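> This structure is in structure tokens; I'll ask about it shortly.
Read-outs: derived from the displayed coordinates by stated rules, not from any lab. Bear in mind that the values here come from a model prediction, so they are computed numbers and not experimental data. Backbone-built Cβ (ideal geometry, glycine too); neighbour counts: all protein chains shown.
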Amino acid sequence: MFSFLFLSVISFSVPEMNLNHLEFLRDEFIIEGETKIGYWIYAEKFGDTYVHTEAKGEGVTCVDDVARVAVLYTELYKLYHNEFYLQRAKEALDFVMALQDSDGDFYNFIFDDGSINKQGITSRKSANWWAARGFWAISNALEIFDEDKDFQKKLDNSAKLAYSFLSKSLDEDYFLNKNSDVSSVFLLGVIEYYKYTGYESAKELAIKIGDSILNTQIKEGLMKGAFNEGTDYQLWHSWGSRQGESLIELYKVTGNTKYLDSVIFLADEFYPVLLSLGPVYEIGKYIKMYPQIAYAVEPIISTLVKLYSVTLEEKYAYMAALFGGFFERNNHLSSPMYGPNGEGYDSLHSIYINSNAGAESTISALLSLVRLKTLPSKVQPLTLSKIVSGRETLIFEAEKMDTGIYYFELDNTNNIRIKTEESIRIRQKIDNFYSGEYEVYISGSFDSKTYVKASSEDNSTDKNLDPNEGIMYVGNLNMEENQIILYLKPESGFIHIDQVILKPIDPIFIFDFDQFYYEFSKGKIVKTAYETTTEESLYTQTAQVEGVFIDNSFLLTIEELFNNDGIVSFSDRKSGNFDNYDGIIGAKYPSEELIKYLTNNVFFYEKEDVYFKFKIDGKDNLILTSQVINLKDIEKISDYMYIVGASDHGNYTGKVMILYQDGSTQEVNIAFSDWCQTPIYGETVLLEFGYRYDSLGITENINPKMYLLKIPLKSTPVQSIFLPQIPTMHIFAISLK
């Protein structure tokens, strides 16, 4: 079993809670002429600096976020009884109550001129998320102000008013807005209100809401254990799903084990899917993987930590810590989602991190750390682990699978899908595969009855699927081979194939921790032997690079490292993909515009008297993923290195390491702005084009750019260039002069 003795000699723990960035977001705001303390909704990153940013059309700060702050500081005060936390909770609650109207409902946003946004769909009174969260924050804090009776009375009156209004706003199922997600937030408030007041009517209402939440729990299929948040079809989204947390709190006040059993069912059946895939954004008609956000992880952590506290079953503490690793490196980019000053980064995507750090993300990260700090000290170090393998839930995008010689088209409705009216066979080789029994699902839409057969080596399962749209169960498949093949044959009409999903019956997670490997399965952790495999990566390469001299310029031949096709001709405008790593097509530069500036694929930049070599056909740029460029037999000393590049999905910076032939090194900053925005780092706009092609090949009146960086060099020949891992940054050409 997992050795607590082993962990006890390790000095690791949950990352320290750093409130610096939250304090940066804290500011004075005028609300209808009165000064209140709130928190800026967004903080955009420009270089190494964060800037307060409003939500355009909505406002600068809001009840939804400031109520989160109140919950955070209330929880901190309950744990540590620090007066600073009490004061911060009080001022946040004072802000929340300032947005409460006389009927008990809440407005959400404040404009920068101090006026209340009373009409916006995300701000107007509507018994919505911000009202439920405001009520929860207020009710949760009632008990901590026993020594401040005047403020406690103000809170009590506000809670009573909100309780009265929101309870009258419930539908026949005792839901707000006909959904269990926002209703679970309200339920948390009702329970805290009951605990403070002792009103049996509040307890009875809590039971009615809880029972309705129980009725939405999904009993079978891919989302088994989750709570349905859809109306026309099954839907679950990660953000704000506090059903499990609220049911645990309901169990605490009622003692009814049906609420606890429901949360155990959630944790045992559904959370392993999320531990495999990450905190996916949404599961509905298909799995929407990204963005993955702190506001999705925190409710999971809060639920698991509270589940451990009432059951004392160690597996839930382990799971909470592994989910907590999302903020360290337990995500598919192996990169922190929690910054050095306590920033909660806004979102994780397939190949990049949005390092903006607004209130929601920062507070969610901090509240996650608060929860994790309550776990046994010997479990907390698991937040530093990284899941590397196992028998996990797997997802494959159909358009990326091997389709052989079969004919199909691509459909770009919502998610990119294979479209065909003929039979088709698709297959996928699975790296680092763990054999076992898997449930097989396919997402898409079928116009008619369709025969589907899934096979792996000698084993197979098949089913005739009725016309449908969404995620459909094919059958259970005993997989011994690291490949799955699906054959689909429609009776008539089209089929659209989106994703193939494999869900193991008996999941296993292998994670590394402090140079050892451990297996987490069946609620236990054991030390294990694990042989790491060298995986071929499209993006991590080392190349011996030669070059061509033109006058005083040395044009590096880096084509071997090119891994992205971001420049296409008009005739090929439906292909190419500069900015959409998730799919196989994306937006791109127009090659016919670039060619106008080239002579034999060489561009001369007169202002710097330097030449660059471009590539037009095929792969034409490199995405930065830690490539190493070794210069071959270059003895000439250069004064400058010039890099042509651009970023996608925002503005990004990093560091390049230059190794010289005398053994010395030089670390330099590299920064490229977004390819379709104004440069913010002072780069030169080397080329600007009048349009670009979108993912479907349609001409867009957007002006993409290529930027130029000029880097001074030491007076010794360059030997190697070490590029950083920034998958949203691209390089088209490098020259020395």
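> Percentage of Cα-Cα pair distances in the range 394-506 greater than 16 Å, rounded to whole percent? Show your work: numbers first, answer last.
Details: 3453 of 6328 pairs.
The share of Cα pairs beyond 16 Å in the range 394-506 comes to 55 percent.
> While we're here: Cα extents of the range 229-334 along the three principal axes, largest first, in whole Å?
39, 37, 20
> For labels at T374 and K429 in the simple 7 Å Cα→Cβ model, what's the distance in nm?
About 4.9 nm, to one decimal.
> Can you sort D620, D506, D633 from fewest to most other Cβ atoms within 10 Å of each residue's own Cβ? List each step's numbers first, then the result.
Numbers: D620 24, D506 12, D633 8.
With the sparsest Cβ surroundings first, the list reads D633, D506, D620.
> Additional query: Mind jotting down the distance between the C-alpha centroids of the range 163-199 and the range 317-366, whole Å?
30
> Another question, then. Could you calculate the contour length gain from V685 to Q515, that is, 0.36 nm times the residue separation minus the distance between their Cα atoms, to one decimal place in nm?
On the way: separation 170, 0.36 × 170 = 61.20 nm, distance 4.56 nm.
56.6 nm is the gain from fully extending V685 to Q515.
> Please list the non-local residues whose amide H lies under 5 Å from the amide H of G344, H modeled 1.01 Å from N, same-chain partners needing a gap of 5 or more.
G339, T362
> Just to confirm the filter: which GluC sites (Glu not before Pro) across the range 194-267 are DSSP coil and have at most 13 other Cβ within 10 angstrom of their Cβ?
Working: sites: E200, E204, E220, E229, E245, E249; in loops: E220, E229.
In loop regions of the range 194-267 (DSSP not H, G, I, E or B), the sparsely surrounded GluC sites (Glu not before Pro) are E220.
> Now for a different question. Which FRET efficiency value, to the nearest 0.05, do you get for K149 and F84 by plugging their Cβ-Cβ distance into 1/(1 + (r/R0)^6) with R0 = 22 Å?
Details: r = 21 Å, r/R0 = 0.96.
Once rounded, the FRET efficiency stands at 0.55.
> While we're here: So for the pair N669, Y473, with labels modelled 7 Å out along Cα→Cβ, what separation do we get in nm?
Here the modelled spin labels are 5.6 nm apart.
> Counting only residues 5 or more places away or on other chains, whose amide H sits under 5 Å from the amide H of F562 once H atoms are built in the peptide plane?
Amide H neighbours of F562: none.
> Also, quick follow-up: Find which of I471, S575, Q243 sits farthest along the positive direction of the dipole of the chain, computed with +1 on the beta-carbon of Lys and Arg, -1 on that of Asp and Glu, about the Cα centre.
Selected residue: Q243.
> Which value, in Å³ per residue, describes the convex hull spanned by the Cα atoms of the range 26-141? Mind showing how you got there, number by number?
Details: hull volume 12.6 nm³, N = 116.
Taking the convex hull of the Cα positions in the range 26-141, it is 109 Å³ per residue.
> Along the charge dipole of the chain, pointing to its positive end and built from +1/-1 on Cβ of Lys, Arg, Asp and Glu, which listed residue (I442, F227, F24) has its Cα farthest out?
F227
> Within the range 655-670, name every residue whose backbone N is under 18 Å away from a label modeled 7 Å from Cα of T716 along the Cβ vector.
Under 18 Å, as judged by backbone N against the label point of T716, lie 657-668 of the range 655-670.
> Quote to one decimal, in nm, the extra length available between S115 and S164 on full extension: 0.36 nm per residue of separation minus the C-alpha distance between them.
Values: separation 49, 0.36 × 49 = 17.64 nm, distance 2.63 nm.
So the extension gain works out to 15.0 nm.
> Also, I was wondering about something else. Near K373, which lysines are there with a Cα under 18 Å away, not counting those fewer than 8 places off in the same chain?
Excluding near neighbours in sequence, the set is K78, K306, K315.
> With each label point set 7 Å from Cα along the Cα-Cβ vector, what nm distance links T599 and A529?
The modelled label-to-label distance comes out at 6.5 nm.
> Report the calculated FRET efficiency for N20 and D48 (r = Cβ-Cβ distance, R0 = 22 Å), to the nearest 0.05. It would help to have the intermediate numbers written out before the result.
Values: r = 14 Å, r/R0 = 0.64.
Taking R0 as 22 Å, the efficiency between N20 and D48 is 0.95.
> Using the 10 angstrom Cβ neighbour count as an exposure proxy, how do C62, C676 rank, fewest first? Each step should come with its number before you reach the end.
Values: C62 29, C676 16.
The order, fewest Cβ neighbours first, is C676, C62.
> Tell me, K153, K203, K714 in order of fewest to most beta-carbon neighbours within 10 Å? All intermediate terms of the calculation are to be shown ahead of the outcome.
Values: K153 11, K203 19, K714 15.
In increasing order of surrounding Cβ atoms, one gets K153, K714, K203.
> Enter the Cα centre distance for the pair the range 669-737 and the range 56-97, rounded to the nearest angstrom.
Cα centroid to Cα centroid, the span is 42 Å.
> Counting Lys and Arg as +1 and Asp and Glu as -1, each charge on the Cβ, what is the dipole of the range 542-736 about the Cα centre in debye, to the nearest 20? Mind showing how you got there, number by number?
Working: 15 positive and 26 negative charges, 20 e Å.
Dipole size: approximately 100 debye.
> Then there's this: Show log10 I(q)/I(0) for the range 548-692 at q = 0.13, 0.15, 0.16 Å⁻¹, two decimals, from a solvent-free Debye sum over equal Cα scatterers.
Those come out to -0.66, -0.89, -1.02, one per q.
> Let me ask you something else. Please give me, ordered by residue number, the GluC sites (Glu not before Pro) of the range 22-131 that lie in loop per DSSP and have at most 16 other Cβ atoms within 10 Å. Could the numbers behind the result be given before it?
On the way: sites: E23, E28, E32, E34, E44, E54, E58, E75, E83, E91; in loops: E32, E54, E58.
In loop regions of the range 22-131 (DSSP not H, G, I, E or B), the sparsely surrounded GluC sites (Glu not before Pro) are E32, E54.
> Counting only residues 5 or more places away or on other chains, whose amide H sits under 5 Å from the amide H of T716 once H atoms are built in the peptide plane?
Under 5 Å from the amide H of T716 lie the amide H atoms of S638, each far enough along the sequence or on another chain.
> Lys/Arg Cβ at +1, Asp/Glu Cβ at -1, dipole of the chain taken about the Cα centre: which of S180, I418, Y194 is farthest positive-ward?
Of the options given, the answer is Y194.
> Something else now. If R0 is 30 Å, what FRET efficiency do you get for T231 and D268 from their C-beta distance, rounded to 0.05? Don't jump to the answer; show the numbers that get you there.
Working: r = 27 Å, r/R0 = 0.90.
Approximately 0.65, to the nearest 0.05.
> Using 0.36 nm per residue, how much length does the chain from E480 to N552 gain when fully extended, once their Cα-Cα distance is taken away? Kindly include the intermediate steps, with their values, before the conclusion.
Numbers: separation 72, 0.36 × 72 = 25.92 nm, distance 5.97 nm.
Roughly 19.9 nm would be gained on extension.
> Dividing the alpha-carbon Rg of the chain by 2.2 N^0.38 Å yields what?
Values: Rg = 27.9 Å, N = 737, 2.2 N^0.38 = 27.0 Å.
Output field value: 1.03.
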